[in-house]
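Coordinate-derived values only; no laboratory data. This one's a predicted model, so the numbers in the text were calculated from it and none came from an experiment. Heads up, the Cβs are rebuilt from the backbone with ideal geometry, glycines too, and the neighbour counts pull from every protein chain shown.
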Amino acid sequence: MRPRTPPPTAPAADPAPVPAGAGPATPAVAVPVTNGPGGTGPVPSGADLATAPTVAKKRILEVKELSVEYAGVAPAQAVDKVSFGLSEGEFMAIVGESGCGKSTLLFAIAHLLSSPAEVTGGTVVFNGQNMVAMTDKQLRAVRWRGMSVVMQSAMNALNPVMSIETQFSDAMKAHGEKNPNYIRARSEEVLVLVGIDVVHLKSYPHQLSGGMRQRAMIAMALLFSPELILMDEPTSALDVVAQRSLMVQVKQLQRELGFAIIFVTHDMSLVAHFSDRVVVMYAGQIVEARPTRPLFASPLHPYTRGLLEAFPSAYGPRAPLEGIPGSPPDLTKLPVGCNFQPRCAKAFSRCASTSPDLYELDGAVVRCLLYSGAGDGLPEPDGGTGRDVQAGRA
Ligand SMILES: Nc1ncnc2c1ncn2[C@@H]1O[C@H](COP(=O)(O)OP(=O)(O)O)[C@@H](O)[C@H]1O
Ligand code: SF4
Ligand SMILES: [Mg+2]
């Protein structure tokens, strides 16, 4: 009997935003979890703390020391020894400005990179199998059935000259499904799951609205009831109303069907409302990773604070948005010392010469010398900005 999904139920209530100041007090001094200088040494299992589930659940994904380079005259290290784990049913967000390596990381996990990108090290173990070492045939058995991907732009990802039905059917046939009756029934079922009338199986992508196209992509990702869905900025082309309604629906589907999500975005308000934990990336590296609630209540890394301060709060006195000066570094010419040093308001003398390790704090990892406990920079007493950085946004 093939897995079938339950019929849709009434929409779930919009998840409540994370209340400001709800996080636990964070110790200011931490121990490094990387061995080598520059945060490039092997990351022992302590780094998983940031993504460790609060309730013991089956671990479905382990990313260890994953590195990706874009070859060229000057190679760009787009993903630099990234490690994290993910458990069943989790919603993990990856955030950072454009060019920080988020999409490259997602594509490396799904083994979808092509030249000039190359995985130069590390492992991606999905349900006990290392994706990095798999043959194309082995990958076909995992992709879509175990793990599926929703791309950033539905209009580009969907074939404009094929109906939705044909695209669903092709995807199922390519992954071994031969029964036309089942293909038809399952296509209708997933379309209904994402709130689209089955008449649109006959529609072409240009006949659907932007929100419907993105929903159709999500329906396609659900065809084989995967355990994990990777989403690369699925809402970035939508207006805020369509964005919100899509996210509420994704969260509802996740509750009903139980799949895990890795959600790439630069929208901190979506992260605050929908994710369980957050990985913040800068210049190809993880700079902070921890559960969502404490991250928003007391961000540790100066870059995380900058990202949060770049979004307006709906509550409290009106204040000018501060943002982060400058732009992310060219990955072929990284600065000496901390990658964030040229833009960091908290930088001190060592930052210009020493690359920070990833330090482990209470339930978090952070890559910043302020938390090394052994320098001329003093750890910050409150570990945060003291400002309501997220409440009521989105
Ligand atoms: N096709 C490419 N060729 C060469 N370098 C690339 C290519 N795509 C991405 N890069 C490099 O990888 C970095 C990360 O890109 P990407 O993963 O798309 O970032 P994000 O998704 O965070 O915006 C870019 O800043 C760039 O240096
Ligand atoms: S190591 Fe220094 S420059 Fe880098 S984020 Fe920390 S304080 Fe800023
Ligand atoms: Mg991207």
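Could you order peptides 85-97, 125-137, 232-244 by the average number of other Cβ atoms within 10 Å of their residues, highest first? Please report the intermediate quantities before stating the final value.
Numbers: 85-97: 22.3, 125-137: 14.0, 232-244: 17.5.
My ranking of the peptides, most packed first, is 85-97, 232-244, 125-137.
Work out from phi, with θ = phi - 60° and the Karplus expression 6.51 cos²θ - 1.76 cosθ + 1.60, the ³J(HN,Hα) of each residue of the range 241-247, listed in order in whole Hz, and give x for Gly and Pro.
Rounded to whole hertz, the list is 5, 5, 4, 5, 5, 5, 5.
Can you give me the C-alpha center-to-center distance between the range 176-251 and the range 255-282, rounded to a whole angstrom?
The range 176-251 and the range 255-282 have Cα centres separated by 19 Å.
Would you please put 342-349, 275-282, 141-148 in order of how densely packed they are, using the mean number of other Cβ atoms within 10 angstrom per residue and starting with the highest?
Details: 342-349: 15.6, 275-282: 25.2, 141-148: 20.1.
Highest-to-lowest ranking by the protection proxy: 275-282, 141-148, 342-349.
Counting other beta carbons within 10 Å of each Cβ, put HIS301, HIS206, HIS273 in order, fewest first.
Working: HIS301 26, HIS206 10, HIS273 21.
Placing the least packed residue first, the sequence is HIS206, HIS273, HIS301.
So how do 67-80, 284-297 stack up, highest first, on mean other-Cβ count within 10 Å? Mind dumping the intermediate values first?
Working: 67-80: 17.8, 284-297: 25.4.
The densest-packed peptide leads the list: 284-297, 67-80.
State which entries of LYS81/LYS137; LYS102/LYS202; LYS251/LYS346; LYS102/LYS137; LYS81/LYS178; LYS57/LYS178 exceed 32 angstrom in Cα-Cα distance in the structure shown. If you can, show how the numbers build up before the last one.
Working: LYS81/LYS137 27 Å; LYS102/LYS202 34 Å; LYS251/LYS346 37 Å; LYS102/LYS137 26 Å; LYS81/LYS178 41 Å; LYS57/LYS178 34 Å.
Checking Cα-Cα distances, LYS102/LYS202; LYS251/LYS346; LYS81/LYS178; LYS57/LYS178 exceed 32 Å.
Enter the Cα centre distance for the pair the range 55-69 and the range 289-332, rounded to the nearest angstrom.
What the calculation gives is 25 Å, centre to centre.
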